[in-house]
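For reference, the structure discussed in these notes is given below.
The values are calculated or read from the model by the stated rules, or taken from the named source; none is laboratory data. Just so you know, these numbers come straight off a predicted model, no measurement behind them. Cβ atoms come from the backbone with ideal geometry, glycine included; neighbour counts cover every protein chain shown. Note: areas computed on protein heavy atoms with side chains; ligands, DNA, RNA excluded. Shrake-Rupley method; radii C 1.70, N 1.55, O 1.52, S 1.80 Å.
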Amino acid sequence: TTEVTRPVNGYYLLGVIGNPIAHSKSPAMHNAALLEAGVQGAYVPLHVEPENLQAAVMGMKAMNFRGFNVTIPHKVDILSYMDELDESARFIGAVNTVVIEHDRLIGYNTDGVGYVRSLKEEAVSTIEGMHVVVIGAGGAARGIVYALLLEQPQSLTILNRTAEKAEELAKDFKVLGNVNGYSIDSAEQVLAQADIVINTTSVGMHPHTDQTPVSIHHIPEGIVVSDLIYNPLETKLLTDSKHKNCIIHGGLGMFVYQGAIAFEHWLHVQAPVEAMRRAVLASFTS
Ligand code: NAP
């Protein structure tokens with residue numbers, strides 16, 4: 001491991017900027033990780049209004065923060081304050097993790113890569129050669145499409161209510177592989193060929209837990225079905241898919257692994273993934 005810069009008196013300052021931020025699970029998860037890894041430091045929630053974004057970023061530099069996460073609504077606007085962008089952030093056009101390295105701000109996007117790491121740890125042995133279907137074409141889908149294409153699937157098909165957004169997303173990532181976008185109306189034909197189906201829409205999220213993004217009749221028996229939603233931990237799409245002998249994968253792992261990869265960028269030590277998962281689960285009930 002490389003030497004970590006900016007231990008102010010041996011103490012690492014970390015945080016997350018967003019608006020709203022009060023309900024973020026990141027502080028509980030990262031403080032548990034620091035404790036478990038034996039690293040002295042603290043991770044704080046920081047409420048930042050859009051008009052104060054630049055001042056907040058400069059403030060963190062001035063106060064010797066080691067780095068921070070970025071969440072809604074700042075993930076795209078923060079790009080203009082970065083001195084350097086990792087390939088992930090450049091392709092996706094959004095930053096969720098910043099490392100402050102000798103006064104330089106380096107932007108990463110760990111959402112998609114975190115998702116894929118979770119999928120591979122928990123549900124599939126490989127993505128290479130598979131027919132993958134992504135439902136939804138919003139911010140979360142962008143990161144996931146990028147990271148999935150790095151795994152060289154046979155095909156990646158994006159289905160979305162607004163067809164143009166699916167087509168545009170596919171066009172943006174064409175250089176990375178075989179990716180196409182269509183209207184959700186094509187679900188029946190497209191899903192018939194699928195090995196892995198991933199819901200990236202908010203359909204099925206609390207409080208609308210009785211909804212599914214596609215008809216369960218179109219999901220083939222025995223494939224892998226994944227949902228980014230983690231509230232509830234098991235969506236109706238996943239419960240119904242389980243009844244069709246599918247391997248199911250929920251959104252908690254993505255949240256934990258995007259955090260784990262950020263933690264590793266900041267501290268250059270292996271993230272204690274299980275302690276992080278336990279901390280997030282505990283914060284649901286507290
Ligand atoms: P977003 O940018 O607002 O995109 C929303 C997507 O959902 C769009 O494709 C939209 O389709 C579709 N959609 C919304 N309501 C719909 C409806 N009633 N019927 C059909 N499609 C609908 O949101 P996002 O940031 O990508 O987040 C999407 C989901 O991912 C959320 O549930 C979020 O909680 C989850 N997420 C999870 C994690 C994690 O760590 N597990 C991380 C990020 C996000 P149109 O284009 O047609 O509007």
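Note down the accessible area of Arg117, probe 1.4 Å, to the nearest 10 Å².
Answer for Arg117: close to 80 Å² accessible.
Taking 7 Å along the Cα-to-C-beta vector as the label spot, tell me the Ser215-Ala192 distance in nanometres, rounded to one decimal.
1.3
Tell me, what is the percent relative contact order of segment 236-286, built from C-alpha pairs under 8 Å that lie six or more residues apart? It would help to have the intermediate numbers written out before the result.
Values: 22 pairs, mean separation 13.1, N = 51.
Rounded, it is 26 percent for segment 236-286.
Under Stokes-Einstein, with the Kirkwood radius over Cα pairs standing in for Rh, what whole-number D in µm²/s applies to segment 155-232 at 4 °C and 1.567 mPa s? Each step should come with its number before you reach the end.
On the way: Rh = 13.3 Å.
Reported coefficient: 97 µm²/s.
Considering Cα pairs under 8 angstrom that are at least six residues apart, work out the relative contact order of the chain and quote it in whole percent. Provide the component values of the computation, followed by the final result.
Details: 588 pairs, mean separation 50.5, N = 286.
Relative contact order comes out at 18 percent.
List the GluC sites (Glu not before Pro) in segment 122-195 that DSSP assigns to loop (not H, G, I, E or B) and whose Cβ has at most 16 other Cβ atoms within 10 Å. Which are they? Show your work: numbers first, answer last.
Details: sites: Glu122, Glu128, Glu151, Glu164, Glu167, Glu168, Glu188; in loops: Glu128, Glu151.
Passing both the DSSP loop test and the Cβ count: Glu128.
Give me the extension gain from Asn245 to Glu87: residue separation times 0.36 nm, minus the current Cα-Cα distance, reported in nm with one decimal. The partial results should precede the final answer.
Values: separation 158, 0.36 × 158 = 56.88 nm, distance 3.74 nm.
Separation in residues times 0.36 nm, less the Cα-Cα distance, equals 53.1 nm.
Shape call for segment 17-74 from the C-alpha gyration tensor, a ≥ b ≥ c root eigenvalues: rounded (a/c under 1.5), prolate (a/b greater than b/c) or oblate? Intermediate values should be presented prior to the final figure.
Numbers: a/c = 3.32, a/b = 1.46, b/c = 2.28.
Oblate shape, in that a/c is at least 1.5 and b/c is the bigger or equal ratio.
For a Förster distance of 41 Å, can you work out the FRET efficiency between the beta-carbons of Gln54 and Gln152, rounded to the nearest 0.05? Don't skip to the answer; put the middle values down first.
Values: r = 39 Å, r/R0 = 0.95.
In this case the efficiency is close to 0.55.
Ignoring ligands, DNA and RNA, please state the percent of accessible area on segment 173-236 from carbon and sulfur, probe 1.4 Å. Could you put the intermediate results ahead of the total?
Working: 1570 of 3140 Å².
Here it works out to 50 percent.
Show which lysines lie in cross-link reach of Lys75 when reach means a straight Cα distance below 20 angstrom and same-chain residues fewer than eight apart are skipped.
Lys25, Lys61, Lys165
Suppose each label sits 7 Å from its Cα in the direction of the beta carbon; what would the Glu36-Asp103 distance come out to in nanometres?
Output for this residue pair reads 3.7 nm.
Multiplying the sequence separation of Val44 and Glu274 by 0.36 nm and subtracting their Cα-Cα distance, what value in nm do you get? Can you show the working numbers first?
On the way: separation 230, 0.36 × 230 = 82.80 nm, distance 2.08 nm.
This chain segment gains 80.7 nm when fully extended.
Within the set of other residues whose C-beta is less than 10 Å from the C-beta of Arg104, count the net charge using Lys and Arg as +1 and Asp and Glu as -1.
Working: positive: Lys61; negative: Asp83, Glu84, Glu101, Asp103.
Once all neighbours under 10 Å are counted, the net charge is -3.
Can you say what percent of the DSSP beta bridges in the chain, counting only those with both residues inside, are antiparallel? Round to 5.
On the way: 9 of 43 bridges.
Just about 20 percent of them are antiparallel.
For the residue pair Leu281 and Lys120, what label-to-label distance in nm results when each label sits 7 Å from Cα along the Cα-to-beta-carbon direction?
For Leu281 paired with Lys120, the spin-label model returns 2.4 nm.
Write down the percent of antiparallel bridges among all DSSP beta bridges whose residues are both part of segment 1-130, to the nearest 5.
On the way: 9 of 22 bridges.
Bridges in segment 1-130 that DSSP calls antiparallel: roughly 40 percent.
Relative contact order of segment 95-207: what whole-number percent is it, with Cα pairs under 8 angstrom and at least 6 residues apart? Working shown, then result.
On the way: 196 pairs, mean separation 28.9, N = 113.
Reported as a whole number, the value is 26 percent.
Quick one: net charge of Ile261's neighbours, Cβ under 12 Å, K/R +1, D/E -1? Provide the component values of the computation, followed by the final result.
Details: positive: Arg117; negative: Asp86, Asp111, Glu264.
Its environment carries a net charge of -2.
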